[in-house]
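Input: a single structure, listed below in structure tokens.
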Amino acid sequence: MPQPSKRLEKIPPYLFAEMARIKREAIAKGADVIDLGIGDPDLPTPVPVREALKKSVDDPATHRYDETARGWTSFLEAAARFYKGAFQVDLDPSTELTQVIGSKEGLAHLAWAYLDPGDLCIVPNPAYTVYKVNALMAGADVLEVPLRESNGFLPDLTEIPTSDAKRAKLIYVCYPNNPTGATASPAFYHDLVRFCREHDVLAVNDMAYGTVCYDGYKNPTILQVSGGKDVAIEFHSLSKMYNMTGWRLGFACGNPEAVNTLQRLKSNIDSKAFPAIAEAGAHALDHVNNDDTIALYQKRRDNLVDGLRSIGWNVMKPQAAFYIWARVPVPGMTSAEFAGALLEKAHVLVIPGNGYGSEGEGYVRMSLTLVGDKNGERFAEAVKRIAQSGLIPQGAAV
Ligand SMILES: Cc1ncc(COP(=O)(O)O)c(C=O)c1O
């Protein structure tokens, strides 16, 4: 067999492999593992969306290639209506929107559409790994900007050396944030627009968790900010919005030139989603809300955070996304050591923060999308087992 491309060697080793191994061993020994690792909605897609798919799948017009330039027309029009309703910004479906096969695909291909060897791409650390990996595979250099707790897990744009800012073509950000659960303010987006204008950089705003917000909070978007459309492309996904991760549907919107550049690459790689899925997605965007699921996450968040605090682990309470990003409570233990110990002693799986980048060291991530939890009993069990593990130091606020 020929050797795979050198490009594939740029993919960093899979940091979760060790966790997966310990989990397999524990399950093989009969342990009942509570998996707080995976960030994938455990509830089914809402019934009206499934009904819409059943209908659209019977329409032969959906059985053929989607030959449009940017995506299934009714889907793009629904996306524009959704965006206007949710964020009060007008989008032109014929120039400012394109359909993606889940936001992961779009975020990855955007790097390929813009980056050549020698270019620079700015990514957050910690972050969803797709930005960095694809920038590296495209041959670009990567500058990682730390997301520090002291700065609300926002990148400090003033820390980016001018020479790097000038060389950069893209800067990726993600709010509501995975893994930290942080949110962004309009002021941050103003600063980002200014930075991008000054240095001719395209801002890539990943809003995969854009509608997963609690306590009435709404995360702003960069397109709401004056000048946002001049410098930004934004990615939205139906995955977390409507428990549709398996359906693979989302959209990119914003600067027409950026949207067009992404679409030019994509039209030579994929032939878009199954149109019946796009049609059902349009129905979801126009007619369905997922408030029940969000209310459930909020309840789980409150129970888990309160429960962990009651046993001496003083974790942060996020306003959005479905992750608890918690400091490792045992002095001197790394994220991986703590996660490994928790899995061995409590059969509770959490993700070591360094899996998202070096700045994630010292943290672990817990997901609120716990398969098998009905009324909070699995989260309560997780808290009980963590307490019994003896790992949480008593008496000291963490
Ligand atoms: C921050 C972030 N962005 C994008 C995605 C990709 O989601 P999808 O491709 O399902 O839209 C994920 C998935 O977990 C994510 O966490």
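Data overview
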read-out	value
Residue that is nearest to residue 321 (Cα to Cα), among those in region 101-131 that are polar (S, T, N, Q) and touching a strand residue (DSSP E or B) at 6+ places or on another chain (Cβ under 6 Å)	103
Residue 61 being small (Gly, Ala, Ser), more than 16 Å from the ligand (Cβ to nearest atom), at pLDDT 90 or above and in the same structural domain as residue 296 (by TED's automatic domain parsing)	no
Residues of region 154-180 classified as within 16 Å of the ligand (Cβ to nearest atom) and surrounded by fewer than 23 Cβ atoms within 10 Å (Cβ to Cβ), total	1
Qualifying residue in region 190-202 (condition: in contact with a Phe, Trp or Tyr (Cβ under 9 Å, 6 or more places away or on another chain) and free of Cβ contacts under 8 Å to residues at least 60 places away in the same chain)	no
Tabulated pairs, region 91-105, first in contact (Cβ under 8 Å) with a residue 12 or more places away in the chain, second among the acidic types (Asp, Glu) and more than 16 Å from the ligand (Cβ to nearest atom), C-beta under 9 angstrom, 6+ apart or interchain	93/77; 96/90; 97/77; 99/66
Flag if residue 68 is within 16 Å of the ligand (Cβ to nearest atom), surrounded by 14 or more Cβ atoms within 10 Å (Cβ to Cβ) and either among the hydrophobic types (A, V, I, L, M, F, W, C) or part of a loop (DSSP other than H, G, I, E, B) (or both)	no
Filter pass, residue 192 being more than 30 Å from residue 295 (Cβ to Cβ), in the same structural domain as residue 140 (by TED's automatic domain parsing), within 16 Å of the ligand (Cβ to nearest atom) and surrounded by 24 or more Cβ atoms within 10 Å (Cβ to Cβ)	no
Elements of type helices (runs of 4 or more DSSP H) in region 223-302, at least 3 residues being more than 15 Å from the ligand (Cβ to nearest atom) and surrounded by fewer than 22 Cβ atoms within 10 Å (Cβ to Cβ)	256-266, 275-287
Every residue from region 191-220 that is closer than 18 Å to residue 255 by Cα and β-branched (Val, Ile, Thr)	193, 201, 204
Members of region 166-210 that are among the small types (Gly, Ala, Ser) and out of contact with any strand residue (DSSP E or B) (no Cβ under 8 Å at 6 or more places or on another chain)	185, 187
Of the criteria (1) under 17 Å from residue 302 (Cβ atoms); (2) in contact with a helix residue (DSSP H, G or I) (Cβ under 8 Å, 6 or more places away or on another chain), which one residue 381 fails	(2)
Matching entry among 108, 86 (being within 12 Å of the ligand (Cβ to nearest atom), closer than 21 Å to residue 244 by Cβ, assigned to a helix (DSSP H, G or I) and of a type in the set (A, V, I, L, M))	108
Residue ID - modelled with the lowest pLDDT, chosen from residues in region 25-52 that are assigned to a loop (DSSP other than H, G, I, E, B) and among the β-branched types (Val, Ile, Thr)	38
Which listed residue, of 26, 52, 20, is surrounded by fewer than 16 Cβ atoms within 10 Å (Cβ to Cβ) and among the small types (Gly, Ala, Ser)	20
Boolean, residue 212 is in the same structural domain as residue 90 (by TED's automatic domain parsing) and within 11 Å of the ligand (Cβ to nearest atom)	yes
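The values are calculated or read from the model by the stated rules, or taken from the named source; none is laboratory data. This structure is a prediction, so every number in the text was calculated from the model and none was measured. For neighbour counting, all protein chains shown are included, and Cβ atoms are generated from backbone atoms with ideal geometry for every residue, glycine included.
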